[in-house]
Amino acid sequence: MSNKYDLLKLENQLCFPLYACSKEVVRRYKPFLDEIDLTYTQYIVMLVMWEKSKITVKELGECLYLDSGTLTPVLKKLEAKGYVSRSRSKEDERNLDVTLTSQGKQLREEAVDIPSKVGSCIDLSPEEALKLYELLYKVLK
């Protein structure tokens, strides 16, 4: 017979395996990201930059589910490394544009194998990985 406190057991929480898996996946990325001197957060910013080339900080935050307070220090570091540049939008000075630099484009070549390297460290079939991807994005929507 269950009692009213069963809902408070760690094993009954959906949030915990999501949290633990997130930490574990980031941990598995780390050795590969260390090779190109990026943190995981810097890496996901670069993923968007390689796709978009130019984006506002606000749009970048929406893509990554991050606020500007989290993004600002990450973007400053990426700018210091020469991968992106930041400038006020000419159309609307309230917006800050982030632009991929040629050095940032070159970094893409160094990073191209990272997804497959990490994928080989995670024991999921392609079908399982796709299902997990779909379920996780369903939670995010």
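Here is how the numbers come out for the structure above:
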| quantity | calculated |
| --- | --- |
| Residue 66 vs. criteria at pLDDT below 95 and crowded, with 16+ Cβ neighbours inside 10 Å | no |
| Every residue from region 16-44 that is in contact with a helix residue (DSSP H, G or I) (Cβ under 6 Å, 6 or more places away or on another chain) and either in contact (Cβ under 8 Å) with a residue 40 or more places away in the chain or among the polar types (S, T, N, Q) (or both) | 28, 29, 32, 33, 36, 41, 42, 43 |
| Residue check for residue 34: surrounded by fewer than 12 Cβ atoms within 10 Å (Cβ to Cβ) and outside any helix (DSSP H, G or I) | no |
| Members of region 1-29 that are surrounded by 12 or more Cβ atoms within 10 Å (Cβ to Cβ) and touching a Phe, Trp or Tyr at 6+ places or on another chain (Cβ under 7 Å) | 26, 29 |
| Any pair with Cβ under 9 angstrom, 6 or more apart, that starts in region 113-135 at a residue that is of a type in the set (S, T, N, Q) and in a helix (DSSP H, G or I) and ends at one that is surrounded by 11 or more Cβ atoms within 10 Å (Cβ to Cβ) and modelled with pLDDT of 95 or more | none |
| Residue that is nearest to residue 81 (Cα to Cα), among those in region 91-124 that are at pLDDT 95 or above and among the small types (Gly, Ala, Ser) | 104 |
| Among (1) more than 18 Å from the chain's Cα centre (by Cα); (2) surrounded by 12 or more Cβ atoms within 10 Å (Cβ to Cβ), the one test that residue 122 misses | (1) |
| Residues being buried (at least 16 other Cβ atoms within 10 Å of the Cβ), in a helix (DSSP H, G or I) and among the hydrophobic types (A, V, I, L, M, F, W, C) - total across region 51-63 | 2 |
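The values are calculated or read from the model by the stated rules, or taken from the named source; none is laboratory data. For clarity, every value in this text was computed on a predicted model and none was experimentally measured. Note: ideal-geometry Cβ built from the backbone for every residue, glycine included; neighbour counts use all protein chains shown.
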